[in-house]
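> Can you keep this structure in mind? I'll have questions shortly.
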Amino acid sequence: MLLLSNTYGDPYMLKTILSRIGLLVVGVAFLAPVKAEAVKLKPFPAFSKLPTKEIATLKKSKPTTSSYKITVGKKKADVFVARIIINKPPAQTYKILMDFKSRYKYMPRMRLSKVLKKVSKKRFFEHQMVKVAWSKIHVHLDIRVNGKDEMTWTLRKNMKNGIKDNVGVWNMASYNGGKSTLLNYAVYTDPGRWVPGWLRRRLTKSSLRKLMVNVKKRVESGGTWKK
């Protein structure tokens, strides 16, 4: 934060940057004039196909982060990816992530999370509020559940959101013979205003590591750990 303060002496600029970047972590996003269905995220590779260095980090129970480029409209955009191994079966990880109303108890910066409507057993409309710096950012997500190992979301653009566009996915792969979970996370987000790329990538990856660690603690505690 000191680095940000020194680099961007204007408190308003600092507030704006923090407000826009912090949303990446919770599956919130930014407002973009692009249809959500136009954003395609890549499937996650099998654990054995990951880079050797990343596998070594994951085996130490530490989170990893990376990114790749996609084309949105006519522009290149970043998709951020995070992974961590959770020492509980995928079913238990799934159960924790499906408890939408409790997400604010352990996810960074989130202050509110509730289901506005259960459209079906596999589709939910969720409202989240994230506090970043001095701002309270409200977002509305359309969450879809694919089996018991994956859930995806897009931004409900017909609702009033504090951001522009957001598309993401949680994926729970079996690991260690089903005794553990390889938790994969990917998110594309567009803040709706320009933020230096190097700064966005640096802060986003740091925030994602915090998110993954918090989810791991929540799951491994049986749903009792709180931030």
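> For segment 196-227 and segment 147-162, what is the separation of their C-alpha centers, rounded to whole Å?
The two parts, judged by their Cα centres, are 19 Å apart.
> Distance check, please: which entries in 49/160; 179/226; 76/157; 74/227; 69/160 exceed 32 angstrom between their Cα atoms?
49/160; 74/227
> Please work out the ratio of the alpha-carbon Rg of segment 34-93 to 2.2 N^0.38 Å and round it to two decimals. Please list the in-between numbers first.
Working: Rg = 14.5 Å, N = 60, 2.2 N^0.38 = 10.4 Å.
Working it through for segment 34-93, the quotient is 1.39.
> Need the C-alpha centroid separation for segment 41-55 versus segment 114-132, integer Å.
If you average the Cα positions of each part, the centres end up 30 Å apart.
> If the limit is 28 Å between Cα atoms, which of 40/164; 121/216; 53/95; 75/216; 88/136 go over it?
53/95; 75/216; 88/136
No value in this document is a laboratory result; all are computed from the given coordinates. In this text, all values refer to a predicted model and were calculated from it rather than measured experimentally.
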